[in-house]
1. Work out the charge dipole of the chain with +1 on the Cβ of Lys and Arg and -1 on the Cβ of Asp and Glu about the Cα centre, then indicate which of Leu164, Leu28, Leu18 is farthest towards its positive end.
2. Once the convex hull of the C-alpha atoms of the chain is built, how many Å³ does it hold per residue, rounded to a whole number?
3. Given +1 on the Cβ of Lys and Arg, -1 on the Cβ of Asp and Glu, and no further charges, what dipole in debye does segment 40-85 carry about its Cα centre, rounded to the nearest 20?
4. Compute the accessible area per residue over segment 99-158, keeping the other protein chains in place, probe 1.4 Å, unit Å².
5. Across segment 61-73, in residue order, what do the Karplus-derived ³J(HN,Hα) couplings come to in whole Hz, using 6.51 cos²θ - 1.76 cosθ + 1.60 with θ = phi - 60° and x for Gly and Pro?
6. Given Cα pairs under 8 Å that are at least 6 residues apart, what percent is the relative contact order of segment 1-77?
7. Taking 7 Å along the Cα-to-C-beta vector as the label spot, tell me the Leu69-Ile102 distance in nanometres, rounded to one decimal.
8. Quick one: which of Lys78/Lys105; Lys7/Lys103; Lys78/Lys136; Lys4/Lys78; Lys4/Lys136; Lys7/Lys136 span more than 18 angstrom between C-alpha atoms?
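The values are calculated or read from the model by the stated rules, or taken from the named source; none is laboratory data. Keep in mind that what you see is a predicted model, and the values were worked out from it rather than measured. All Cβ positions, even for glycine, are placed from backbone atoms using ideal geometry, and neighbour counts span all protein chains on display. For the accessible areas, the whole protein counts, side chains as well, though only heavy atoms, and no ligand, DNA or RNA atoms are used. Shrake-Rupley method; radii C 1.70, N 1.55, O 1.52, S 1.80 Å.
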Amino acid sequence: MQAKTPKESRTIMTDMVLPGETNPINNLFGGELLARMDRAAGISARRHSRRIVVTASVNHVAFNRAIPLGSVVTVDAKVSRAFNSSMEIYIDVWIEDRESGIKDKANEAIYTFVAVDETGRPIRVPELEPETELEKERFEGALRRKQLSLVLAGKMKPNDATELKALFVDA
């Protein structure tokens, strides 16, 4: 199975915030943003694996900025690391200024998807070869994030989380 690069999985979805998608103070519902991010991440995972994919977890979501009614929102997702059958997808959310067209980062998230066969059993995915400095940084952090999730879920003993332990070793 040939390794792939993050750009091969990149998925960009741009849409406008409509009145039915907002809360009483006219900002995008958090759940609506989560759904948009899940769709983009799912497409990204599918592009990487070329398999059926399912959401395994939402590892991190940062709602750093409210997204007001009428905003143009861009969800930019790509695989940050591939493991055996799972893939970490890093998502950046951008708001485009109506007047200048300048895009500012509003939110980010990290999802995990698993590739499955037609019966729902996990299936192997291609490795990932990061290219840019940001891709390499996210790739390296993905193993630590995975180990932390496994430790918190009780699926890995803290002593076995070698990448996490390395963070706390005196230099």
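1. Ranked along the dipole, the leading option is Leu164.
2. Details: hull volume 26.5 nm³, N = 171.
Spread over its residues, the Cα hull of the chain gives 155 Å³ apiece.
3. Around 240 debye, computed over segment 40-85.
4. Numbers: 3800 Å² over 60 residues.
For segment 99-158, the solvent-accessible area averages 63 Å² per residue.
5. Calculated HN-Hα couplings, in order: 9, 10, 8, 7, 9, 5, 10, x, 3, x, 5, 8, 10 Hz.
6. Working: 88 pairs, mean separation 40.5, N = 77.
Reported relative contact order: 53 percent.
7. 2.6
8. Details: Lys78/Lys105 16 Å; Lys7/Lys103 20 Å; Lys78/Lys136 13 Å; Lys4/Lys78 11 Å; Lys4/Lys136 14 Å; Lys7/Lys136 13 Å.
Cα-Cα > 18 Å for Lys7/Lys103; rest within.
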